[in-house]
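What follows is one structure encoded as structure tokens, with my remarks underneath.
The values are calculated or read from the model by the stated rules, or taken from the named source; none is laboratory data. Predicted, not measured: the structure shown is a model, and the values here were computed from it. Positions of Cβ are generated from backbone atoms using ideal geometry, with glycine treated the same way; all protein chains shown enter the neighbour counts.
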Number of protein chains: 2
Amino acid sequence: MAAGVERWGVFELEFVGPGGGNPFIEVELSATFSQANRAVEVAGFYDGEGRYRVRFMPDAEGVWRYRTRSNRSELDGKTGEFVCVGPSPGNHGPVHVENRFHFAYADGTPYRQLGTTCYAWIHQGDALEEQTLATLARAPFNKLRMCVFPKDYDFNHNDPELYPYVAKTPPAGTRYAWDFTRFDPAFWRHLEKRVQQLGALGIEADIIVFHPYDRWGFSSMPREADDLYMKYLIARLSAYRNVWWSMANEFDIMRSKTMADWDHFFRTFQTFDPYGHLRSVHNCVQFYDHSRPWVSHCSVQSSDLHRVPEWRAAYGKPVVVDECCYEGNICHAWGNITAQELVRRFWRGTVGGGYVGHGETYADPQDLLWWSKGGRLRGESPARLAFLKKILDEVPLAGLEPCHGVVTTGGEGLARCGDEYFLGYFGVHQPSSIRLALPPGRRYTIEAIDTWNMNVETVSRGAAGALEVGFPGRPYMAVRIRAEA
Amino acid sequence: MAAGVERWGVFELEFVGPGGGNPFIEVELSATFSQANRAVEVAGFYDGEGRYRVRFMPDAEGVWRYRTRSNRSELDGKTGEFVCVGPSPGNHGPVHVENRFHFAYADGTPYRQLGTTCYAWIHQGDALEEQTLATLARAPFNKLRMCVFPKDYDFNHNDPELYPYVAKTPPAGTRYAWDFTRFDPAFWRHLEKRVQQLGALGIEADIIVFHPYDRWGFSSMPREADDLYMKYLIARLSAYRNVWWSMANEFDIMRSKTMADWDHFFRTFQTFDPYGHLRSVHNCVQFYDHSRPWVSHCSVQSSDLHRVPEWRAAYGKPVVVDECCYEGNICHAWGNITAQELVRRFWRGTVGGGYVGHGETYADPQDLLWWSKGGRLRGESPARLAFLKKILDEVPLAGLEPCHGVVTTGGEGLARCGDEYFLGYFGVHQPSSIRLALPPGRRYTIEAIDTWNMNVETVSRGAAGALEVGFPGRPYMAVRIRAEA
């Protein structure tokens, strides 16, 4: 019996098989993993130099058996078994949708999304990539949006060291040509390593499958190449529990793809990812129809955080506003809002019952912008987002639902969790007193949360019914109202 | 010949007539003022103690003749003439709509609306009212929203010294009763004096005809009383050049009035005001249809200043956002935004091609809140609005039109005046450089305007075409781009 693997860990089979021809398209390999009456079919992949791998994430403890299938006899009919043991501390399993508008890990621990964005961080070389990981280790973020393909856009025109495909000799007058049927395993091993490292830091990897910022031709491959790419990506990465699938960044400005293409991409992941990792797609202006059955949650670009309740109602799914402008000072409006405004947008989205994402874009003499390359964070928002995360971690299990009333003073939004818990946000409002109409039959503790200066002050205990209580009269305050035992 | 009166000044006739019975409803008096082939009919009014007056605002210099008409012989057929001379310095005449979306005084001087609000300032007694006037003399505002009727609402429950009507003995169990056919001239002389004093300070009086915040019964008078009231108001006040008519504050929450009532009120002013003073109506939530022909401009309550271009397009008239929340710290969301946010809203409205209004609501141990009672201003926005007014006074004659492009960096809005002048606002964006695509064939001077710290810095001269220029990288900045000679 093979060595044990922990629940939601990666069990990997390695085989030696044919190295000639083009194994990426000529050799089929899969394995069925079974336990009691369950069977999970998992695709394998070619990893170069005659080596084949099958990766599997067991979701239940106990003995699992496997049998391979292949069109090559040396890879076909291999059998074996392994024991899945309990998860190690910090391993809560993959994230799924919980309570319709929220997320939880597989073990039931709530997952309160607090994302950031480093689109091209894996294309920057080890020194910078390791600095990014060190920064993330000290940062509050539990999700990272990142591209598979390299990026060509302002502040990020450098070529990566590794490419996902083997290069061909470019035709005269062109700079790049690729064999879209031959992956470069070195690239993919690097990608996997980075995804695993994020996992070790407790960070979900929101893998962006396609994106428009491209000078290499990866955004306009033929359908067969797209399909081969997605299946290879799924075979290599889906056994990592911290993977999410984002069909694209700004899908609506990718001219070479149609809406039918996006539906097809979603369905490809729905069909071939055996674990059902979270799936979404990120817009520039026009939203994808997030109500479609293959979408697990909304991945929104918008500055209108007050619309989160409307999107929840429209799509009936968790709303993650992955992009609402970034803290920074560059020449693009989407990348130069103040830290105060970014933190305000996080809070507005939070009390709307949604989740928000961070990015940082300070102009840099070496073009080291966090949002694209990673590196160091220099802004003032991450500390405030760490503070928000603490507040979120104290929200009752069921999560926040947007509501009205109760804090009759108004403000920039109010959320509740039953009659136990209310969280209101005042933003640019600075009341020196607030009016409340508390649910009958209970007493409440009222706290003033200074979201910018990061402190919590109790303003009333034993509060009940309709009342007016003094409040600090500063901007960027929230009120937390918790039922007393 | 009577003594001369200046153009757009007030010429007043006084007659002695019947004092018995009820002259307010039994005596009809008007006068026709004529010059060359023009004749203007003007209603007179009873001013108590047997005195009748007719007020007229001549709009052309030279000799004017008049003849009265009355159902009482002692007031009928009185004739005379007077000379209208040129206006004194500072008298630019009444304000009208100019260039579709803007305003100008009758002499052609642009009027860039920068309003404030003191709803019940004339109901506070002389000491506070004189303090209000002293404050206004030092403040930047050129329009004031004010109610005729007293106000009953949070922070303003005090009874006024004077009422528009003569009181009757209240029925048992009620506190107030009025004879809606008998005005108290003392109230009206007081109102007039305050309107004149505003005029002397160069401030337009935006007279709110009806409003819902009432414990006396003035918001639910019968139609005949409404009509008598409006005609009396018009007869007494319309000769003052600085009068605007606002049918109501928050018309849509006045349950006793229907939409047909509002149409009727507008048409009453349209019919009986011989000068065609500006007319609008202010909403709480639901807009009146400002496209109706008797509406001169939009008087909006909204925090969505980015929608100003949309309202301009929808109604084809000037947009004045009279209420977009007030600087303050009270327990109501509409009255507790920061000075920074209020100034930001002014700038957003301005670069949307509209005009914005101020109010101040700081909690006070004696409930002296500027927005209701006047008194002193203590906020940080007025100084910044004075600075904005200086910028507005330097806008070319035709006024600002919202537009896109040119400042390709984006931000919170951009306006232009032809190819001569552009004004962009960045608000919570803080670009350290901005990208421009300037119209061909000219050179421009680029200035960075710090709307909060109130300074202007030239960042480029002789700029042309597409370029990127360094910018201060602070929030609350604007860019002004002016064609060089």
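Taking the condition out of contact with any Gly (no Cβ under 9 Å at 6 or more places or on another chain), closer than 21 Å to B:Asp184 by Cα and crowded, with 18+ Cβ neighbours inside 10 Å, does B:Gly21 pass?
Values: out of contact with any Gly (no Cβ under 9 Å at 6 or more places or on another chain): yes; closer than 21 Å to B:Asp184 by Cα: yes; crowded, with 18+ Cβ neighbours inside 10 Å: no.
Here the answer is no, as B:Gly21 does not meet what is asked.
Is it fair to say A:Arg138 is surrounded by fewer than 16 Cβ atoms within 10 Å (Cβ to Cβ), within 21 Å of A:Phe183 (Cβ to Cβ) and at pLDDT 95 or above?
Values: surrounded by fewer than 16 Cβ atoms within 10 Å (Cβ to Cβ): yes; within 21 Å of A:Phe183 (Cβ to Cβ): no; at pLDDT 95 or above: yes.
Answer is no for this residue.
Taking the range B:336-345 as the search range and keeping residues that are within 20 Å of the chain's Cα centre (by Cα) and free of Cβ contacts under 8 Å to residues at least 60 places away in the same chain, which one is nearest to A:His429 (Cα to Cα)?
Quick first cut of the range B:336-345, residues within 20 Å of the chain's Cα centre (by Cα) only: B:342-343, B:345.
Restricting the remaining residues to those that are free of Cβ contacts under 8 Å to residues at least 60 places away in the same chain gives B:342, B:345.
Working: B:Leu342: 10, B:Arg345: 13 Å.
Taking the candidates together, the pick is B:Leu342.
Within the range A:344-358, does at least one residue satisfy the condition of being in contact with a helix residue (DSSP H, G or I) (Cβ under 9 Å, 6 or more places away or on another chain), farther than 24 Å from B:Glu341 by Cα, among the β-branched types (Val, Ile, Thr) and within 14 Å of chain B (Cβ to nearest Cβ)?
Looking through the range A:344-358, none of the residues is in contact with a helix residue (DSSP H, G or I) (Cβ under 9 Å, 6 or more places away or on another chain), farther than 24 Å from B:Glu341 by Cα, among the β-branched types (Val, Ile, Thr) and within 14 Å of chain B (Cβ to nearest Cβ).
Across the range B:399-443, which residue is surrounded by the fewest Cβ atoms within 10 Å (Cβ to Cβ) among those that are charged (D, E, K, R) and within 14 Å of chain A (Cβ to nearest Cβ)? Don't jump to the end; show me each part of the working.
In the first step, residues of the range B:399-443 are kept if they are charged (D, E, K, R); the result is B:401, B:412, B:416, B:419-420, B:435, B:442-443.
Going one step further and asking which of them are within 14 Å of chain A (Cβ to nearest Cβ), we end up with B:412, B:435.
Numbers: B:Glu412: 21, B:Arg435: 17.
It comes out as B:Arg435.
Would you point out the residue of the range B:208-258, among those that are within 17 Å of B:Val281 (Cα to Cα) and basic (Lys, Arg), that is surrounded by the fewest Cβ atoms within 10 Å (Cβ to Cβ)?
Going through the qualifying residues, I end up with B:Arg255.
For the range A:374-393, state whether one or more residues are within 30 Å of B:Ser432 (Cβ to Cβ), free of Cβ contacts under 8 Å to residues at least 40 places away in the same chain, within 14 Å of chain B (Cβ to nearest Cβ) and under 19 Å from the mean Cα position of the chain (by Cα). Quick ask: steps written out before the conclusion?
Of all residues in the range A:374-393, those within 30 Å of B:Ser432 (Cβ to Cβ) come to A:374-389.
Still in the list and also free of Cβ contacts under 8 Å to residues at least 40 places away in the same chain: A:378.
Filter again for within 14 Å of chain B (Cβ to nearest Cβ), leaving A:378.
Still in the list and also under 19 Å from the mean Cα position of the chain (by Cα): none.
Checked against the condition, which is being within 30 Å of B:Ser432 (Cβ to Cβ), free of Cβ contacts under 8 Å to residues at least 40 places away in the same chain, within 14 Å of chain B (Cβ to nearest Cβ) and under 19 Å from the mean Cα position of the chain (by Cα), the range A:374-393 yields no hits at all.
What are the residues in the range B:359-370 that are crowded, with 23+ Cβ neighbours inside 10 Å, in a loop (DSSP other than H, G, I, E, B) and away from chain A (no Cβ under 14 Å), if any? If you could, list the steps in order and put the result at the bottom.
Restricting attention to the range B:359-370, the residues satisfying the condition of being crowded, with 23+ Cβ neighbours inside 10 Å are B:359-361, B:369-370.
Among the residues that remain, those that are also in a loop (DSSP other than H, G, I, E, B) are: B:359, B:369.
Once the filter is applied, which keeps residues that are crowded, with 23+ Cβ neighbours inside 10 Å, in a loop (DSSP other than H, G, I, E, B) and away from chain A (no Cβ under 14 Å), the range B:359-370 yields only B:Gly359.
On the phi > 0 side of the Ramachandran plot, among the β-branched types (Val, Ile, Thr) and touching a strand residue (DSSP E or B) at 6+ places or on another chain (Cβ under 6 Å): which single residue out of A:Val406, A:Val351, A:Val428 fits that description?
That would be A:Val406, the only listed residue that is on the phi > 0 side of the Ramachandran plot, among the β-branched types (Val, Ile, Thr) and touching a strand residue (DSSP E or B) at 6+ places or on another chain (Cβ under 6 Å).
Conditions (1) assigned by TED's automatic domain parsing to the domain that holds B:Glu192; (2) outside any loop (DSSP other than H, G, I, E, B), marked per residue:
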site	(1), (2)
B:Glu14	no, yes
B:Phe33	no, yes
B:Arg53	no, yes
B:Trp64	no, yes
B:Gly77	no, no
B:Glu81	no, yes
B:Arg100	yes, no
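Name the residue that is farthest from the other protein chains (Cβ to nearest Cβ), counting only residues in the range A:461-482 that are in contact (Cβ under 8 Å) with a residue 60 or more places away in the chain and buried (at least 18 other Cβ atoms within 10 Å of the Cβ). First the steps, then the outcome.
In the first step, residues of the range A:461-482 are kept if they are in contact (Cβ under 8 Å) with a residue 60 or more places away in the chain; the result is A:476, A:478-482.
Keeping just the survivors that are buried (at least 18 other Cβ atoms within 10 Å of the Cβ) gives A:476, A:478-481.
On the way: A:Tyr476: 9, A:Ala478: 14, A:Val479: 12, A:Arg480: 18, A:Ile481: 15 Å.
So, considering only residues that are in contact (Cβ under 8 Å) with a residue 60 or more places away in the chain and buried (at least 18 other Cβ atoms within 10 Å of the Cβ), the one farthest from the other protein chains (Cβ to nearest Cβ) is A:Arg480.
Give me the pairs, please: first residue somewhere in the range A:152-167 and in the same structural domain as A:Phe210 (by TED's automatic domain parsing), second residue anywhere and among the basic types (Lys, Arg) and in a loop (DSSP other than H, G, I, E, B), beta-carbon distance under 6 Å, and either six or more positions apart or on two chains.
Close Cβ pairs (under 6 Å, with a partner that is among the basic types (Lys, Arg) and in a loop (DSSP other than H, G, I, E, B)) amount to A:Asp152/A:Arg215.
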